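**Q** Sharing a structure with you now.
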Amino acid sequence: MTWYTMDTWIVVVGALAGIACAIPGCFLVLRQMSMMGDAISHAVLPGLALAFLITGSRASVTMFIGAALIGLLTAVFTQWISSWGKVERGASMGIVFTTLFAVGLLLIVQAAHHVELDPGCVLYGALELTPLDTVTPLFWLGLGWETPRAFVVLGIITLVNLALLLLFYKEFKISSFDPNLATTLGINAQKMHYLLMSMVAVTTVAAFEAVGSILVIALLIVPAATAYLLTDRLSTMLLLGGGFGVLAAAMGHFLAVWLPEVHGLPDVSSAGLVAVTSGIFFAAAVLLAPRYGMLGKFLNRRPLKKHKAATPLSPEKT
Amino acid sequence: MFFGDPILLATFSWEIFREVLFLQEYNTRTVVTSTSLLGISAGMVGSFLLLRKRSLMGDALSHACLPGLVIAFLVLVLFGGTGRNLPILLLGAGATGLFGSAMVLWLRNHTRIKDDAGMGIVLSVFFGAGVVLLNIAQKMPGTRTAGLESFIYGQAAAMMRADFILLSVLAVAITLWCLALKKEFTLLCFDENFARSLGWPVQRLDLFLLLLIAAVTVVGMQAVGLILIIAFLIIPAAAARFWTDNLGRMLFLSAFIGGISGWVGASLSSLLPRLPAGAIVVLVASSIFIFSLLFGSARGIVRRNLDQLRLRRKIGRQHLLRAVYETLEQMSPTPDDPFPRNRPVPLERIVAQRSWTRQDVRKLLRRAEREDHLHEWNERELSLSESGFGEASRITRNHRLWEIFMITHADIAPSHVDRDADSVEHLLSPEMVRELEEKLGLQNIPASPHPLTREVHP
């Protein structure tokens with residue numbers, strides 16, 4: 001098996017995406033809004049198309065801003081439709097993202113002669129190609145240190161998310177578990193909601209550019225849900241979520257390198273395998289989690305059954 | 001920017017318009033008919049999905065179809081085919097789709113993972129597995145996977161005759177099935193636990209609903225694309241919900257909206273070049289949704305706000321008239337005597353009756369004047385007209401009947417009864433008032449059961 005520097009970079013980028021996604025992901029799972037990442041990653045298409053049509057450049061900064069804005073708009077529209085129209089949130093998410101996707105598709109097809117956006121790349125992502133696109137982030141210090149651009153972007157997003165989490169930890173926690181209590185304590189739950197949605201939008205767009213949309217959804221939800229099965233503490237859940245994200249990225253790419261050599265299989269998508277690996281972790285947690293897993297439930301129930309059998313309730317004794 | 005396009009304008013002519021409208025050309029006919037049929041069946045199934053609060057299941061299910069599709073393809077290739085057998089591919093896709101969504105149900109019922117997280121997990125993990133399998137299939141020697149992906153993006157414009165027949169038959173079958181199981185699904189959506197207590201196989205019904213959704217999704221996905229089928233399952237049902245509170249009507253309306261957006265969208269897309277059918281259909285459907293959201297006759301935003309405004313005005317009017325009546329009552333020397341009806345009342349005393357400002361009272365007075373309830377009013381005092389006094393005594397009477405009823409029958413303390421009566425009296429129907437009269441044996445206006453000089457009313 002051959003492991004290149006490039007492979008290390010891929011794992012590092014994937015791990016950063018895992019940490020960056022786990023922070024908003026845990027709150028999405030707790031607030032039962034897990035499909036938001038999916039909605040946003042589908043809805044960014046018109047943002048990409050509009051950013052290109054307006055500025056005429058394919059510079060990643062403009063694309064990023066366009067996509068993040070539309071991502072935030074998705075959250076805002078969803079909120080409007082579900083609160084004004086009394087539509088269930090899942091349904092309003094579905095309405096918003098399909099409509100935005102349709103608008104994006106229309107824009108791209110109409111302007112087909114001068115846009116090349118590959119829908120395949122958008123969906124599957126090109127995790128393997130991230131190390132090829134490099135920048136020198138420290139050039140202003142006179143250092144010629146070359147790193148993949150995705151590393152720099154995701155590194156910044158991870159730091160921002162961590163900073164926001166530490167700054168607003170109490171507010172996020174209370175407004176996620178009990179929005180009414182949060183309001184009585186003087187925390188604006190609405191504002192926290194939109195702050196979280198901005199985090200989700202920016203993280204989704206950043207990670208999506210690097211690793212593709214399926215992997216973003218996988219990293220947002222699956223590690224967080226895995227952690228949710230293992231603990232009842234928010235801080236532990238966040239740590240575990242990030243940990244599972246990193247593990248999935250490492251294992252997934254390792255499998256992508258290892259499988260072809262061992263089994264004679266052709267090259268396979270790292271992004272796909274990372275998603276599958278995180279799914280395997282989740283399945284393991286469902287089976288083995290000490291309290292909420294199948295095994296845990298079985299073991300917890302056994303002494304109860306024995307107890308019940310030992311002291312039968314009979315009318316004479318009572 | 002796009003509509004000034006000369007190519008676009010040049011190709012538009014009435015000939016083509018007529019051709020499309022009357023479905024004269026074979027290709028247009030198949031596309032338009034099948035998209036509409038699909039819209040009808042998806043609209044119907046989608047209604048149940050919406051009421052079951054699982055609208056995004058179509059999303060999860062359609063992504064979970066990918067691995068099954070590729071596995072079916074690989075199996076077909078292993079048996080020496082080209083892998084182009086549509087029914088088998090559909091079957092494979094449907095199998096993993098159904099498996100994935102059944103897993104969401106299982107997670108919901110057996111772990112603490114809720115529907116939304118379950119859908120997210122199934123969607124991403126299954127799709128990831130599908131991508132991996134697709135990579136393997138693409139690189140296997142001697143297979144031609146090109147076009148396998150068009151399954152996901154749809155290929156409405158190039159539908160074969162056999163595909164068309166398969167799709168139409170399935171769409172009609174799904175619609176009929178849905179109608180046949182309407183009662184069962186209705187109970188499942190509205191009161192799952194009641195259904196269970198009646199001994200109905202709730203889980204099997206849930207699974208059966210999923211089966212119908214899987215069928216719509218799989219059939220629709222290869223015809224019109226993944227995004228459109230997700231939209232078809234959600235948007236028509238959500239739009240129909242704004243027009244009615246009756247499930248039977250909602251089903252038909254949703255099917256109608258789905259059908260009409262399929263028809264209009266597909267026609268438009270074949271009428272004008274470079275308009276992808278799927279996207280146009282979604283946009284037509286969401287325009288209908290936005291219209292319904294605003295103007296829907298049962299739950300639309302305009303309707304709901306109008307209703308609220310009307311109620312607020314009614315409450316304001318009733319409060320004002322009762323305040324005037326009670327002030328008149330207090331001003332007369334003996335409370336039970338008939339007092340002069342159009343005696344001027346100082347505005348100050350009205351303002352003091354409730355927690356309202358002078359501004360509020362003035363606004364209410366202006367409206368009361370338009371409704372002919374006032375004889376005359378100025379900044380200092382006001383007097384009721386004949387009809388205003390009649391209305392005021394009726395309202396006061398209702399309020400007191402209700403208060404006395406609460407004191408005698410519901411054991412509410414006289415000092416608290418005013419506020420409790422206040423929240424109900426505006427909704428008293430004439431029948432209810434008659435019932436109260438009979439129960440309490442009161443015919444004329446009773447005296448207030450509590451002192452009228454009150455502290456400020458909240």
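**Q** Identify, by number, the condition in (1) under 15 Å from residue A:279 (Cα atoms); (2) within 11 Å of chain B (Cβ to nearest Cβ) that residue A:245 doesn't meet.
**A** Of everything listed in (1) under 15 Å from residue A:279 (Cα atoms); (2) within 11 Å of chain B (Cβ to nearest Cβ), residue A:245 misses just condition (2).
**Q** Are any of the residues in region B:81-104 surrounded by fewer than 20 Cβ atoms within 10 Å (Cβ to Cβ), among the aromatic types (Phe, Trp, Tyr) and more than 11 Å from chain A (Cβ to nearest Cβ)?
**A** Yes.
**Q** Could you look through region B:376-416, keep only residues that are free of Cβ contacts under 8 Å to residues at least 40 places away in the same chain and closer than 18 Å to residue B:329 by Cα, and pick out the one that is farthest from the chain's Cα centre (by Cα)?
**A** Residues of region B:376-416 free of Cβ contacts under 8 Å to residues at least 40 places away in the same chain: B:376-381, B:387, B:390, B:394, B:398, B:402, B:405-406, B:408-416.
Within this subset, residues satisfying the condition of being closer than 18 Å to residue B:329 by Cα are B:381, B:387, B:390, B:394, B:398.
Details: B:381: 49, B:387: 42, B:390: 42, B:394: 38, B:398: 36 Å.
The residue in question is B:381.
**Q** Let me ask something additional. Consider region A:1-60. How many of its residues are within 21 Å of the chain's Cα centre (by Cα), of a type outside the set (Val, Ile, Thr) and buried (at least 17 other Cβ atoms within 10 Å of the Cβ)?
**A** 30
**Q** Is it true that some residue in region A:61-72 is more than 19 Å from the chain's Cα centre (by Cα), more than 14 Å from chain B (Cβ to nearest Cβ) and under 20 Å from residue A:215 (Cα atoms)? Write out each step before concluding.
**A** Narrowing region A:61-72 to residues more than 19 Å from the chain's Cα centre (by Cα): A:61-63, A:66.
Subsequent filtering for residues that are more than 14 Å from chain B (Cβ to nearest Cβ) retains A:61-63, A:66.
Among the residues that remain, those that are also under 20 Å from residue A:215 (Cα atoms) are: A:63.
Within region A:61-72, one or more residues are more than 19 Å from the chain's Cα centre (by Cα), more than 14 Å from chain B (Cβ to nearest Cβ) and under 20 Å from residue A:215 (Cα atoms).
**Q** Continuing with the same structure: How many residues does region A:270-318 contain that are hydroxyl-bearing (Ser, Thr, Tyr) and modelled with pLDDT of 90 or more?
**A** Let us first name the residues in region A:270-318 that are hydroxyl-bearing (Ser, Thr, Tyr), namely A:270, A:277-278, A:292, A:311, A:314, A:318.
From what is left, the residues that are modelled with pLDDT of 90 or more are A:277-278.
Counting residues in region A:270-318 that are hydroxyl-bearing (Ser, Thr, Tyr) and modelled with pLDDT of 90 or more gives 2.
**Q** Within region B:69-99, can you find the residues that are without any contact (Cβ under 8 Å) to a residue 60 or more places away in the chain and over 13 Å from residue B:211 (Cβ atoms)?
**A** Applying the first criterion (without any contact (Cβ under 8 Å) to a residue 60 or more places away in the chain) to region B:69-99 yields B:72, B:75-76, B:78-81, B:84-85, B:88, B:91-92, B:95-96, B:99.
Answer for region B:69-99, where residues must be without any contact (Cβ under 8 Å) to a residue 60 or more places away in the chain and over 13 Å from residue B:211 (Cβ atoms): B:72, B:75, B:76, B:78, B:79, B:80, B:81, B:84, B:85, B:88, B:92, B:96.
**Q** Within 11 Å of another protein chain (Cβ to nearest Cβ) and either under 10 Å from the mean Cα position of the chain (by Cα) or buried (at least 17 other Cβ atoms within 10 Å of the Cβ) (or both), is that true of residue B:292?
**A** Yes; evaluated as a whole, the condition is true for this residue.
**Q** To continue, here is another question. If you go through region A:83-101, how many residues are in a helix (DSSP H, G or I) and within 23 Å of the chain's Cα centre (by Cα)?
**A** Filtering region A:83-101 down to residues in a helix (DSSP H, G or I) leaves A:83-84, A:89-101.
Subset that is within 23 Å of the chain's Cα centre (by Cα): A:89-101.
Looking only at that region, the number is 13.
**Q** Just checking: which of the helices (runs of 4 or more DSSP H) contained wholly in region B:326-425 hold 1 or more residues that are closer than 28 Å to residue B:439 by Cα and not polar (S, T, N, Q)?
**A** Values: elements: B:347-353, B:358-370, B:386-409, B:417-425.
Those helices (runs of 4 or more DSSP H) span B:386-409, B:417-425.
**Q** Are any residues in region B:295-320 in a helix (DSSP H, G or I) and either among the basic types (Lys, Arg) or exposed (fewer than 12 other Cβ atoms within 10 Å of the Cβ) (or both), and if so, which ones? Write out each step before concluding.
**A** Of all residues in region B:295-320, those in a helix (DSSP H, G or I) come to B:295, B:301-320.
Result: B:303, B:304, B:305, B:306, B:307, B:308, B:309, B:310, B:312, B:313, B:314, B:317.
**Q** State which residue pairs qualify: first residue more than 16 Å from residue A:274 (Cβ to Cβ) and within 7 Å of chain B (Cβ to nearest Cβ) and inside region A:205-231, second residue surrounded by fewer than 24 Cβ atoms within 10 Å (Cβ to Cβ) and polar (S, T, N, Q) in any location, beta carbons under 8 Å apart, and separation of 6 or more residues or different chains.
**A** A:229/B:111
**Q** Testing residue B:54 on (1) farther than 30 Å from residue B:266 by Cα; (2) modelled with pLDDT under 90, one condition comes back false. Which one is that?
**A** The one condition residue B:54 does not meet is (1).
**Q** Another question, then. Quick one: residue B:275 ticks every box in (1) surrounded by fewer than 22 Cβ atoms within 10 Å (Cβ to Cβ); (2) at pLDDT 90 or above; (3) closer than 19 Å to residue B:231 by Cβ; (4) of a type in the set (A, V, I, L, M, F, W, C) except a single one, so which number is it?
**A** Against the list (1) surrounded by fewer than 22 Cβ atoms within 10 Å (Cβ to Cβ); (2) at pLDDT 90 or above; (3) closer than 19 Å to residue B:231 by Cβ; (4) of a type in the set (A, V, I, L, M, F, W, C), residue B:275 comes up short only on (2).
**Q** Let me ask something else about it. Regarding residue B:179, is this residue in a helix (DSSP H, G or I), away from chain A (no Cβ under 14 Å), farther than 24 Å from residue B:60 by Cα and in contact (Cβ under 8 Å) with a residue 12 or more places away in the chain? Reasoning before the result, please.
**A** On the way: in a helix (DSSP H, G or I): yes; away from chain A (no Cβ under 14 Å): yes; farther than 24 Å from residue B:60 by Cα: yes; in contact (Cβ under 8 Å) with a residue 12 or more places away in the chain: yes.
The answer is yes for residue B:179.
**Q** Just checking, how many residues over region B:105-137 are touching a residue at least 12 places away in the same chain (Cβ under 8 Å), more than 11 Å from chain A (Cβ to nearest Cβ) and touching a helix residue (DSSP H, G or I) at 6+ places or on another chain (Cβ under 7 Å)?
**A** Here the count works out to 1.
**Q** Just to check your reading of the model, which residue among B:108, B:112 is assigned by TED's automatic domain parsing to the domain that holds residue B:234, assigned to a helix (DSSP H, G or I) and basic (Lys, Arg)? Step through it out loud before you land on a result.
**A** Working: B:112 fails: assigned to a helix (DSSP H, G or I).
Going through B:108, B:112 in turn, the sole match is B:108.
**Q** Out of everything in region B:229-284 that is more than 17 Å from residue B:58 (Cβ to Cβ) and hydroxyl-bearing (Ser, Thr, Tyr), what residue ends up being nearest to the other protein chains (Cβ to nearest Cβ)?
**A** Out of the qualifying residues, it is B:269.
**Q** Restricting the search to region B:176-202, which residues are of a type in the set (Ser, Thr, Tyr) and either under 23 Å from the mean Cα position of the chain (by Cα) or within 19 Å of residue B:255 (Cβ to Cβ) (or both)?
**A** If we filter region B:176-202 for residues that are of a type in the set (Ser, Thr, Tyr), which is where we start, we get B:186, B:197.
B:186 - this is the single residue of region B:176-202 that is of a type in the set (Ser, Thr, Tyr) and either under 23 Å from the mean Cα position of the chain (by Cα) or within 19 Å of residue B:255 (Cβ to Cβ) (or both).
**Q** For region A:180-199, give me the residue count where each residue is outside any loop (DSSP other than H, G, I, E, B), touching a residue at least 12 places away in the same chain (Cβ under 8 Å) and not polar (S, T, N, Q).
**A** Counting residues in region A:180-199 that are outside any loop (DSSP other than H, G, I, E, B), touching a residue at least 12 places away in the same chain (Cβ under 8 Å) and not polar (S, T, N, Q) gives 8.
**Q** Whether any residue in region B:415-425 is of a type in the set (A, V, I, L, M, F, W, C), outside the structural domain of residue B:327 (by TED's automatic domain parsing) and either touching a Cys at 6+ places or on another chain (Cβ under 9 Å) or surrounded by 13 or more Cβ atoms within 10 Å (Cβ to Cβ) (or both) is what I want to check.
**A** The first filter runs over region B:415-425 and keeps only residues of a type in the set (A, V, I, L, M, F, W, C), leaving B:417, B:421, B:424.
Add one more test, that the residue is outside the structural domain of residue B:327 (by TED's automatic domain parsing), and what stays is none.
Among the residues of region B:415-425, not one is of a type in the set (A, V, I, L, M, F, W, C), outside the structural domain of residue B:327 (by TED's automatic domain parsing) and either touching a Cys at 6+ places or on another chain (Cβ under 9 Å) or surrounded by 13 or more Cβ atoms within 10 Å (Cβ to Cβ) (or both), which makes the answer no.
The values are calculated or read from the model by the stated rules, or taken from the named source; none is laboratory data. Worth saying up front: this structure is predicted, and the values here are computed from it rather than measured. Heads up, the Cβs are rebuilt from the backbone with ideal geometry, glycines too, and the neighbour counts pull from every protein chain shown.
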